[in-house]
Amino acid sequence: ERQKRIRNFSIVAHIDHGKSTIADRILEKTHTVSKRDMKAQILDDLDLERERGITIKLNAVELEYTAKDGKDYIFHLIDTPGHVDFSYEVSRSLAACEGALLVVDAAQGVEAQTLANAYLAIDNDLEIVPVINKVDLPSAQPEKVQEEIEEMIGIDASDSVMTSAKTGLGIDELLERIVSDVPAPEGDITKPLKALIFDSVYDSYRGVVLNVRVREGLVKVGDTIELMSNKKTFEVTDVGVMSPKAVSRDYLMAGDVGYITASIKSVVETQVGDTVTLADNPTDEPLTGYRKSTPMVYAGMYPVDNGKYEDLHEALEKLKLNDAALEYEPETSQALGFGFRVGFLGLLHMDVVQERLEREFNLDLIITSPSVDYHVTTTSGEEIVVDNPAELPDASEIKEVREPYVRAEIMVPEDFVGPVMELCQRKRGQFVTMDYLDKYRVNVIYKLPLLEIIFDFFDDLKSNTKGYASLDYRVEEYEPSELVKMDILLNGESVDALSFIVHKDFAYQRGRDIVSRLKEVIPRQMFEIPVQAAIGNKIVARATVKAYRKDVTAKLYGGDRTRRDKLLNKQKAGKKRMKEVGKVSIPQEAFMSVLNLN
Ligand code: GDP
Ligand code: MG
């Protein structure tokens, strides 16, 4: 029977430990991709992913493998992201598998995301195959890493597969181990359809493409499917697998991982984590066990050209289909006009979304300074959630503001414990505990305000520990805090999109830093521009952008024509990401000033 020959698995790892390279080697060995088409890291299909070397969207491919026992097996390989911002996507893909290859770098050993991913896999009842990669490196210490896996994760690592994805060593053994160790899927083919949507992609030709794991039953072209969360029904137009291009099949059955298209036109109708069944023969109960993604960082997004508001709206709607974690709602700013308040998993996620909107949808955007969400009790007893600093009520109307705190686990070699604690202390952290994981590694646990984590914490951590520390965090609770709103005035007028929330102990310093930074980035104009930072009515810092003296091109007149054109073009390009507010042009950098202070 076919089901017995299926193996559904994911590869999980800390970032840079070699997950994508191993996936490439597996694709090569199974001849899924001809040598000619083989380009490095084929699963990372977005340009952006390739450039940044991170995996954002998950991908499922079907591979055929003839094992040493002479039988043909069908592998469904699901690639997962490795960055702390995207752990929700990891859990989505794991729910579609029976096994996981846990890849650990032989020189780096177990790191925070190795642990976090291993726990997600254990939570999903997956069979874990430990893989120690990069054994070709001179600094490789496979035995030590084996010990670490046993001590820190608590699984047997004595039979770990030793690989070098670079040289190809150990990949044959790995393929055999997938056959022997990863269980075949179970699930009754004769029962009503029950399939899990673990990803969905918008395709301009085919509409919405659902990536599904079929748990029970069977689905084929012409069936009428029902999405259980919203009871909407659609007629199936195609089913198949990615190999790695789309290949149509007659049906998908229990145990399969593949795609369904069903002339779904609107992207808002499909929800990742939803269960698909048949309208005329529905299953009793939907699948459970999905963790909803919750944005942690919010920022305003505005088109530079106000006429592009609808384009931005459509682009966000399309992007949301590929990115279940993205949330947005319309917002207006006095300064910037109509735009959206967008929720992200973290700053990397925000960067990625911005770049995709600009590249794939050709939009020029202004993004306001990121913020977390605050729980506010007003003096009249009302409870509100504020994710836009401009909307924080006046100090006189606030009884209490609570901010999100995370539990941060920082894994670091013993030598760097001092610098890590110093950094956490400086970021308003409260020490929780510290454990020795082995002779060299310490897990330092702190309670920290999320606000401090999203601004440059990770970079500071890396530079204070020569890159050795790894960080994993989750929001635990909201706690009362002494926070104030800082307003920024340009030319005497408050610019709502520049205001931010800050702890009162840091307020004066931040105000001064911001003002001097804005003075640098706001271009000179024909008149002087006063820049002020204020808390309520009180000005805490001020500076002046001086007026410029002459027309920049004046001294080039009569000179080299191409040089002048070049200069003008340069000015034009620079202008693209500027917003006129009153009489002042504000460049994109100004809105990010809060991020770049030290
Ligand atoms: P991912 O972030 O886990 O997907 O890691 P990648 O597959 O992108 O690999 C990260 C880096 O490690 C890349 O520069 C790879 O070329 C390199 N790399 C991957 N596997 C090996 C290996 O077995 N040996 C060596 N020396 N380098 C490797
Ligand atoms: Mg990768």
Among the numbered criteria (1) in contact (Cβ under 8 Å) with a residue 24 or more places away in the chain; (2) within 16 Å of ligand 1 (Cβ to nearest atom), which single criterion is violated by V201?
(2)
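Going by what's in this entry, would K550 be described as out of contact with any helix residue (DSSP H, G or I) (no Cβ under 9 Å at 6 or more places or on another chain), among the charged types (D, E, K, R) and at pLDDT below 80? It would help to see each step written out before you state the result.
Working: out of contact with any helix residue (DSSP H, G or I) (no Cβ under 9 Å at 6 or more places or on another chain): yes; among the charged types (D, E, K, R): yes; at pLDDT below 80: yes.
It is true that K550 is out of contact with any helix residue (DSSP H, G or I) (no Cβ under 9 Å at 6 or more places or on another chain), among the charged types (D, E, K, R) and at pLDDT below 80.
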Among residues of region 56-95, those that are small (G, A, S), away from ligand 2 (no atom under 13 Å from the Cβ) and modelled with pLDDT under 65, counted:
1
Members of region 453-481 that are among the acidic types (D, E) and closer than 18 Å to Q430 by Cα
D460, D472, E476, E477, E479
Tell me whether region 207-216 contains one or more residues that are without any contact (Cβ under 8 Å) to a residue 24 or more places away in the chain and among the small types (G, A, S).
no
Among (1) at pLDDT 85 or above; (2) buried (at least 20 other Cβ atoms within 10 Å of the Cβ); (3) more than 16 Å from ligand 2 (Cβ to nearest atom), where does L102 come up short?
(3)
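Given the criterion at pLDDT below 95 and under 30 Å from I149 (Cα atoms), identify the matching residue among N388, N443.
Working: N388 fails: under 30 Å from I149 (Cα atoms).
The unique qualifying residue is N443.
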Here's a check for you: in region 157-197, which residue that is closer than 16 Å to T277 by Cβ, not in a loop (DSSP other than H, G, I, E, B) and not charged (D, E, K, R) is modelled with the highest pLDDT?
A195
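Based on this model, can you work out whether V297 counts as of a type in the set (A, V, I, L, M), modelled with pLDDT of 85 or more and either touching a His at 6+ places or on another chain (Cβ under 6 Å) or surrounded by 16 or more Cβ atoms within 10 Å (Cβ to Cβ) (or both)?
Here the answer is yes, as V297 does meet what is asked.
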Quick one: G300 ticks every box in (1) closer than 22 Å to I453 by Cβ; (2) part of a helix (DSSP H, G or I) bar one, so which box is it?
(2)
Only one of I11, I6 is within 11 Å of ligand 2 (Cβ to nearest atom), in contact with a strand residue (DSSP E or B) (Cβ under 7 Å, 6 or more places away or on another chain), β-branched (V, I, T) and at pLDDT 90 or above. Can you tell me which?
I11
Could you tell me whether any residue of region 240-251 is more than 30 Å from I132 (Cα to Cα) and open to solvent by less than 10 Å² (accessible area, probe 1.4 Å)?
yes
Mind checking whether some residue in region 159-173 is touching a residue at least 60 places away in the same chain (Cβ under 8 Å) and basic (K, R)?
yes
So, M526, is that one open to solvent by 40 Å² or more (accessible area, probe 1.4 Å), on the phi < 0 side of the Ramachandran plot, of a type outside the set (K, R) and in a helix (DSSP H, G or I) or not?
no
Flagged in region 327-361 as open to solvent by 50 Å² or more (accessible area, probe 1.4 Å) and free of Cβ contacts under 8 Å to residues at least 60 places away in the same chain, in numbering order, are E327, Y328, E329, P330, T332, F338, D351, E360, F361
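In region 143-170, what residues are within 16 Å of ligand 2 (Cβ to nearest atom) and crowded, with 21+ Cβ neighbours inside 10 Å? Break it down into steps so the answer makes sense when it comes.
To start, the set of residues in region 143-170 that are within 16 Å of ligand 2 (Cβ to nearest atom) comprises 163, 165-166.
Of everything in region 143-170, those that are within 16 Å of ligand 2 (Cβ to nearest atom) and crowded, with 21+ Cβ neighbours inside 10 Å turn out to be T163, A165.
Rundown of residues vs (1) under 20 Å from V484 (Cβ atoms); (2) over 25 Å from the mean Cα position of the chain (by Cα); (3) modelled with pLDDT of 85 or more, yes/no style:
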| residue | (1), (2), (3) |
| --- | --- |
| T378 | yes, yes, yes |
| D415 | no, yes, yes |
| P419 | no, yes, yes |
| K439 | no, yes, no |
Contact list, first residue from region 7-22 and part of a loop (DSSP other than H, G, I, E, B), second anywhere and near ligand 2 (Cβ under 9 Å from one of its atoms) and open to solvent by less than 10 Å² (accessible area, probe 1.4 Å), beta-carbon distance below 8 Å, six or more apart or interchain, is H14/G82; I15/G82; D16/G82; H17/G82
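The values are calculated or read from the model by the stated rules, or taken from the named source; none is laboratory data. All of these numbers come straight from a predicted model, not from anything done at the bench. Here Cβ is always computed from backbone atoms with ideal geometry, including for glycine, and neighbour counts include all displayed protein chains. In case anyone asks, the SASA skips ligands and DNA or RNA and just uses the protein heavy atoms, side chains included. Shrake-Rupley method; radii C 1.70, N 1.55, O 1.52, S 1.80 Å.
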